[in-house]
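Taken together, the values in this text are just the output of simple stated rules run on the coordinates, not laboratory data. From a predicted model like this one, the values you see are computed outputs, not experimental measurements. In this analysis, Cβ positions are derived from the backbone assuming ideal geometry, glycine residues included, and neighbour counts consider all displayed protein chains.
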Amino acid sequence: MLSARRRWTVLAVCCLSMFLVGLDTTIVNVGLPAIGRGLGVVTRGLEWIVDAYTLVLASLLISSGALADRFGRRRVFQCGLAAFGAASLVCALAPSAGVLIAARALQGIGASMLSPVALAIVVNAMPGPKERAQAIGIWASVFGLSMAAGPVTGGALLAGLGWRALFWINAPVIAAALLLSAVFVPESRAPRARRLDLPGQVLLTVVLAVVVGVLIEGPRIGWTSPAALAGYAGATVATAGFVWVESHRREPLMDPRIFRSPVFSGAILGAVAVFVALTMTLLLNTLYLQHTREWTPLAAGVATLPLAVGATVCAPWSGRMVGRTGPRLPLLLAGGFITAGGLCLVRLTPHTSVLLLLAAYSLIGVGFGFANAPITNTAVNGLPPARAGVAGAITSTARQLGSALGIALAGGLVTAASPTGLAYASRPGWILVATCGVLVFLVAHVSRPKEATPDLASRKRGERRDSPQRTVVR
């Protein structure tokens, strides 16, 4: 068993890599207008620059978790760091939008080896349930903070160095993470590694790519055009095929039986909803402030500081609440704050008060901070520790799917809007953000209270089996 200092050092190394993955999910958002001007890209192309990363990341997370369980978590983790770093250099040097989109997809491949694997390493290093819950809370907090801090960091880099600095910044972080992981992170594997499910992997990739692709390209090709109808049919067939294949494989990529649990399914739905709300907020904020109000990228990034502060303050608080009372209360708070933040901006105009904007971002940030720890804890505790990589991968897949859907939906709303009309075009987006908050609020009602978590519940069942039978006198 690792010493306490070594265990928390392992957590710090994994959190460093996860901060990078989360940062790259949102840091590009604030730089999209500058990238568009530099490479001559319209809004639809800018959506693909973001979603090429999140789509590939979402598609490969589960397989990467299975590979880590089989070949060694530290080994796959380090391969992911190297791939992510190399792709970041290509992004920084990209001469065209096509090269940048392809490099972003390669970044997604590397990032897929970091997110679930880092969580599995953390769970494996923390043997005690209480310590593990604290570590998961910190891990989720760091990931949430990185997502919220992306626009601020991006705005600062754009102000001084230009959009290519958004990718150059990854190099020193990758180098540090590679060195620290080699020194401090122990190798670990699952006791029994699963086989790779290539048919399931292909079908999952097709489903995600077609769904997001139709959402992005729909405004251009027309929602009832033959191409769009073919996309709907393709997504339906691929989804049905995925469910059928996974139901008939001995070791599926994503076991459908997992989703029979309302608790686990609720956690996944909550993860999607929270990240749809976050990425819609960040993209709509970037386009509105820079195009409609003509703010600089730095000013637009600084405007999201209330969101980042809310997430930073409330994420560790949420982790402690999960450890004391279970996930229900922080999920209720998350849903309430996200709903309130979205409702603040459903009447957005080109001249909406800056104070109202900042208040809305703060509310959404607080809700986001409260949401991550209970969602991650519920999902991970839904599977045995030996399958922590799979549990983390499914949850991370849901997050990245939410990110991709949020970008596609927000872009679809404003892609044809003029700078003066963008505020009005984005109003349905803020209604959708509030709806995501309502979904999280509903998820809280099916979440398991503290006394019914798997560890405690199994312990109570054991106590009942060991205790003498009592005779009930009527």
Using the per-residue mean of other Cβ atoms lying within 10 Å as a proxy for protection, in what order, highest first, do the peptides 175-186, 44-55 fall? 44-55, 175-186
For the Cα atoms of the chain, what angle does the longest principal axis make with the long axis of helix 305-325, in degrees from 0 to 90, nearest 10? 10 degrees
Order by protection proxy (mean Cβ within 10 Å, highest first), peptides 71-77, 166-172, 270-276: 270-276, 71-77, 166-172
Want the number for LEU358 to ALA159: 0.36 nm per residue separation, take away the alpha-carbon distance, what's left? 69.5 nm
What's the center-to-center distance, using Cα atoms, between segment 58-96 and segment 297-319 in Å? 27 Å
Taking Cα atoms, the helix 198-221 axis meets the longest principal axis of the chain at an angle in degrees (rounded to 10) of 30 degrees
Residues of segment 24-66 with backbone nitrogen within less than 20 Å of a virtual label 7 Å along the Cα-to-Cβ line of PHE259, please, listed as ranges. 55-66
Give me the Kirkwood hydrodynamic radius of segment 109-163, using the inverse of the mean 1/r over all pairs of distinct Cα atoms, in Å to one decimal. 13.2 Å
Select one label from (1) 23.7, 80; (2) 29.8, 97; (3) 21.8, 83: the one whose number is Rg and Dmax of the Cα atoms in Å as derived from the coordinates shown. (3)
ALA299 and TRP168 label points (each 7 Å along its Cα→Cβ direction) are spaced in nm at 2.6 nm
Which FRET efficiency value, to the nearest 0.05, is calculated for ARG324 and HIS445 with the Förster distance at 22 angstrom and r the Cβ-Cβ distance? 0.70
Helix 97-112 versus the longest principal axis of the chain: what is the Cα-based angle in degrees, 0 to 90, to the nearest 10? 10 degrees
Gain in span if fully extended, ALA86 to ALA102, counting 0.36 nm per residue against the direct Cα distance: 4.5 nm
Among 308-319, 153-164, how do they line up from the highest to the lowest mean number of other beta-carbon atoms within 10 Å? 308-319, 153-164
Net length gained if the chain between VAL42 and ILE431 were fully extended (0.36 nm per residue, minus Cα distance): 137.5 nm
